[in-house]
1. Working out 0.36 nm times the residue gap between Ala173 and Cys457, then minus their Cα-Cα distance, what length gain in nm do you get to one decimal?
2. Go through Thr155, Thr297, Thr79 and list them by solvent-accessible area, largest first, probe radius 1.4 Å.
3. Work out how far the C-alpha atoms of the stretch 124-282 reach from end to end along every principal axis, then list the three figures in whole Å, largest first.
4. Wrap a convex hull around the Cα atoms of the stretch 246-326, take a quarter of its surface area, and give that in square nanometres.
5. With every protein chain present, what accessible area does Ile321 have (1.4 Å probe, heavy atoms only), rounded to the nearest 10 Å²?
6. Computed FRET efficiency, Cβ-Cβ of Asn288 and Glu195, R0 51 Å: what is it to the nearest 0.05?
7. Between Ile162 and Lys329, how many nm apart are label points set 7 Å from Cα along the C-beta direction?
8. What figure in square angstrom, to the nearest 10, would you give for the accessible area of His437 with a 1.4 Å probe?
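The values are calculated or read from the model by the stated rules, or taken from the named source; none is laboratory data. This is a predicted model, so every value here is computed, not measured. Glycine gets a Cβ as well: all are built from the backbone with ideal geometry, and neighbour counts include every protein chain shown. Remember, those area values only see protein heavy atoms, side chains included, never the ligands or the DNA or RNA. Shrake-Rupley method; radii C 1.70, N 1.55, O 1.52, S 1.80 Å.
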Amino acid sequence: PNRKAWPPLKKWLPRYGTDLQYGTKRLRRISYRVFSSVMASPGYELSTRYGGASLAQFPLEALHSFDPDVEDLRLSKETARVIMHGYSMSVPMSHANRDRLYDRMPHYTSFLNLQSIHVAATVGIYVLRIQCLYRGRTAWLEVNERRIRRNAARTIQRNYRIRYRMKCWLAMAMQCGWRCFAARTLLEFKRLEVEKAIIVQCCYRQLKSRRLMDLRRLVDPIEILKMSSSKDDVIFGPHRMFETDRRTFWCSAPQRVSHEWMEFKTGAKVCIGQVRMLAAPNTSSPKNVVLERWRPTGRRGGVWRHVHRFEIWLMRGWQMIHVPREAAKWPARKWRLRFEDNHGSSEGIAVHGLQFYVPKEDNPVVGSVSHDIERKVPQLGEDPIDVELEVKASAWPMPEYQWYQNGKPVEGANDARLVLNVDPMQPAYFKAFKCIHCKKRCKKVPDYAYQVQCGYCGTPYDFEELEKAVEYRHSLVAEEVFLNKCMDQVTQEQDNA
């Protein structure tokens, strides 16, 4: 071979069989054969420079003309009649929606040169459709195969789960039986434990609540006015009694072991219901103590009234002394404690701590109700009488009384006793009455009376009952029913108390 021809061969060989647009010449030939098949079938889609179109006729027959030059152009292979779709790009929709959209878009007929039709784009449309159909078929086969495998796996799983469920059910039945037995055995111990814990909690909360209520009832502030004797010392001063500390206490003067006293003053008038004392744990502790209150009698004078006498035991810790309710109902601002003697010491009287409390609050309880209405109700023609009503109730603070008449409060009736002046109803008109038996006269007989009895001889007489007499009699009956109802209610409250 001629070696001079090698350089052009080297340049030509790498480009042999390639194409700039289709990649290879083989693909170009295949594309043109497909394009020829598409152009031979009317109705196929085409891609033009003016947008999408459908082929109507190719090759296009030339128009009939008498011009002899046109006779040679009967069949033109360079022109095609197409139906333009009215869009210039592909719409990103599904195939069904895209076909529905294409049917509604405007269509018009046009004549195009083959140079205006894109061969590669037209072939790409059908290549894409073939790929979609192939992928759909492949996907359907894959899905069908997976469905068969899934159904087989489900059948195996179902059979295995039935056996496993039966096994689990039997194991669960055995476990439940054993757990029920263990639970019944341990439940009794747990119930007893919970009951004891609740009892302990209730006792503790009750103790805390009582201490809190006692703290709220503590009389504070309180100061010492004067006393019979005391050690003027920082440790043994009288103000040390309110510190509630065992290391400091009040002590009387040496050799003063009886008839010692101490006066206190509160910020306001209070009633002392309890005295809490921390005595010395030796024979210097006070034994007999008297509580007194100050009762003013004039502008500057007054007297000490006895309230309660109590005894202090020789023991460690706080001692609570309760004052009777009848003695603790009188409030005062000045109080006095008298220490009559101690437990035998000759050095003096010592007190570590002292506190005063107001009485505990208590709901009112009706003790007794006394009345004599039914026995002393005056009859027609009799003189007015006094009827006494009395209700005894106990509570703290002392109960306040208020009497009501027909649901309205009676002014000034704020005591446990109420005296009523009962006057029989007197009509505006009277009629004279003369007894035919004893010939006695009475001018105070109401004109609507229909049953009259002589007050001298006791002879009864009947008259025709008037309408207003009926109304009056009904009112008396209603009042009697109301009184009976009140009596039943009071009796029931006494029984409940």
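1. Values: separation 284, 0.36 × 284 = 102.24 nm, distance 9.92 nm.
Result for the pair: 92.3 nm of gain on full extension.
2. Numbers: Thr155 65, Thr297 100, Thr79 40 Å².
Most to least solvent-accessible, the answer reads Thr297, Thr155, Thr79.
3. 128, 58, 30
4. Directional mean of the projected Cα hull area for the stretch 246-326 stands at 7.1 nm².
5. 20
6. Working: r = 46 Å, r/R0 = 0.90.
That pair, Asn288 with Glu195, gives E of 0.65.
7. It works out to 8.9 nm between the two label points.
8. Per-residue accessible area (His437): approximately 130 Å².
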